[in-house]
Amino acid sequence: VIADFLSNEEVEDIKDMFKKMDNDNDGIVSIEELKAGFQNSGSQLAESEVQMLIEAVDGSGKGTLDYGEFVAVSLHLKRMANDEHLRKAFSYFDKDGNGYIEPDELRNALMEDGADDCTDVANDIFQEVDTDKDGRISYDEFVAMMKTGTDWRKASRHYSRGRFNSLSLKLMKDGSLNLGNE
């Protein structure tokens, strides 16, 4: 079921990883195979973290993962990586590091992007994203916007697709935004 929500490329990547880790080709990845597989792929997960992942999804309680359980672990790890990228993207806007994107910070980021109607754009974005109406965007509000598909283009009628793409490229170039290519 989960695989239905993944792209074909993501499904193939997970299948390939499962096959590489399943050294004895029994259709099950043991904790030893999982640890070795993560180590071979350059993962920095501690042994205790690998154990916790297995315990969290191991339906049989045998300390092994079938393909479905492996997919669940893979998706969890991917989500953790995405959260790290969301943090970096948030910090791009949160220039003073206080945990909030304030109107001036958003306007300045939009100005850096070359938007000439920054005030209107920032106001429209705040109308949409600042759900508690405290005059600033918290990390949780930012994440909710990113995860629900609300984006800055839709939040502002004034913000063109070209400017959004330009900002996305800038974030990718400086490493703040990574679209899963790691």
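The values are calculated or read from the model by the stated rules, or taken from the named source; none is laboratory data. Here the structure is a predicted model, which means the values were calculated and not measured. For neighbour counting, all protein chains shown are included, and Cβ atoms are generated from backbone atoms with ideal geometry for every residue, glycine included. These accessible areas exclude ligands, DNA and RNA; they are computed on the full protein's heavy atoms, side chains included. Shrake-Rupley method; radii C 1.70, N 1.55, O 1.52, S 1.80 Å.
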Please name all residue pairs, on different chains or six or more residues apart, with Cβ atoms under 6 Å, provided the first residue is in the stretch 65-80 and is within 16 Å of Glu49 (Cβ to Cβ) and the second residue is open to solvent by less than 30 Å² (accessible area, probe 1.4 Å) and assigned to a helix (DSSP H, G or I). Phe70/Phe18; Val73/Leu53; Ser74/Ile14
Can you go through Ser48, Ser74, Ser7, Ser60 and tell me which one is open to solvent by 40 Å² or more (accessible area, probe 1.4 Å), within 19 Å of the chain's Cα centre (by Cα) and among the hydroxyl-bearing types (Ser, Thr, Tyr)? Ser7
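Given the structure, is Lys95 within 23 Å of Lys20 (Cα to Cα), open to solvent by 80 Å² or more (accessible area, probe 1.4 Å) and in a loop (DSSP other than H, G, I, E, B)?
no
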So Ala89 ticks every box in (1) in a helix (DSSP H, G or I); (2) without any contact (Cβ under 8 Å) to a residue 40 or more places away in the chain; (3) of a type in the set (Gly, Ala, Ser) but one. Which box is left unticked? (2)
Near pairs, Cβ below 6 angstrom, 6+ apart or cross-chain, from the stretch 12-29 (under 13 Å from Thr64 (Cα atoms) and in a helix (DSSP H, G or I)) to any residue that is open to solvent by 80 Å² or more (accessible area, probe 1.4 Å) and of a type in the set (Lys, Arg): none
For the stretch 115-137, state whether one or more residues are open to solvent by 40 Å² or more (accessible area, probe 1.4 Å), aliphatic (A, V, I, L, M) and over 20 Å from Asp13 (Cα atoms). no
Every pair of residues 6+ apart whose Cβ atoms lie under 9 Å, when the first sits in the stretch 38-55 and is modelled with pLDDT of 75 or more and hydroxyl-bearing (Ser, Thr, Tyr) while the second is open to solvent by 50 Å² or more (accessible area, probe 1.4 Å) and not in a loop (DSSP other than H, G, I, E, B): Ser41/Met17; Ser41/Lys20
Specify which of the listed residues (Glu69, Glu32, Glu84, Glu102) is of a type in the set (D, E, K, R), at pLDDT 85 or above and either open to solvent by less than 40 Å² (accessible area, probe 1.4 Å) or closer than 30 Å to Val121 by Cβ (or both). Glu102
